[in-house]
Amino acid sequence: MLFDHCAQCRRCCHIDPGYPALEVTLTRAEKKIHGSICIQTECTHLGATGCSLGDSKPFSCKLYPLSFNPTSKLFSFDADCPLMPEYQQQLQDEASEASLHLALMSEQVLQLAKTDLGFLQKNHAVDADYFDLQPLRPSNLSEAKPP
């Protein structure tokens, strides 16, 4: 499975020495649950098999390695994520894990655009500061652009 590699890699849950801490962007609803989540060097919710938050994992973490720009309404990805070549390849198959992830993220982005646009704007700004964002090029660009 595509995302099984995440539990071994764990790169997205670490801050390299010399870089500032990362305040994980939370939706209004997530702030009520978590208050805040700040990664100083390693996320405190990172367990032996990956994230220990289960269903309450923040949307910004579920979205990774993708980032959504609410201005352009396009997805990009963190070029440093080792999954991205396989992710992009899988987008050619509508039934693949990557295609299902992108579809789910697109649905949730549509909801957030109606209920918490400020979150989407802030999350993309944080992503643009922290990650090497590159345009996502799925086989069908409309798959990566919420209506």
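The values are calculated or read from the model by the stated rules, or taken from the named source; none is laboratory data. Note that the structure is a prediction, hence the values are computed from the model and not measured. With ideal geometry, Cβ positions are generated from the backbone for all residues, glycine too; neighbour counts draw on all protein chains shown.
Tabulated data
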| quantity | calculated |
| --- | --- |
| Condition met for residue 50 (on the phi > 0 side of the Ramachandran plot, surrounded by 14 or more Cβ atoms within 10 Å (Cβ to Cβ) and of a type in the set (Gly, Ala, Ser)) | yes |
| Only one of 72, 99, 36 that is out of contact with any strand residue (DSSP E or B) (no Cβ under 8 Å at 6 or more places or on another chain) and assigned to a loop (DSSP other than H, G, I, E, B) | 72 |
| Members of the stretch 10-33 that are in a loop (DSSP other than H, G, I, E, B) and either at pLDDT 85 or above or exposed (fewer than 11 other Cβ atoms within 10 Å of the Cβ) (or both) | 15, 16, 17, 18, 19, 20, 21, 24, 25, 26, 27 |
| Pairs, first touching a residue at least 40 places away in the same chain (Cβ under 8 Å) in the stretch 101-113, second of a type in the set (Ser, Thr, Tyr), C-beta under 9 Å, six or more apart | 101/87; 102/87; 112/27 |
| Hey, residue 92 touching a residue at least 12 places away in the same chain (Cβ under 8 Å), surrounded by fewer than 16 Cβ atoms within 10 Å (Cβ to Cβ), in a strand (DSSP E or B) and not hydrophobic (A, V, I, L, M, F, W, C) or not | no |
| Of all residues making up the stretch 54-65, the number that are over 19 Å from residue 118 (Cβ atoms) and either under 14 Å from the mean Cα position of the chain (by Cα) or not charged (D, E, K, R) (or both) | 5 |
| Residue 120 being free of Cβ contacts under 8 Å to residues at least 40 places away in the same chain, of a type in the set (A, V, I, L, M, F, W, C) and in a helix (DSSP H, G or I) | no |
| Residue satisfying all of: in the stretch 64-77; crowded, with 20+ Cβ neighbours inside 10 Å and not hydroxyl-bearing (Ser, Thr, Tyr); nearest to residue 8 (Cα to Cα) among these | 65 |
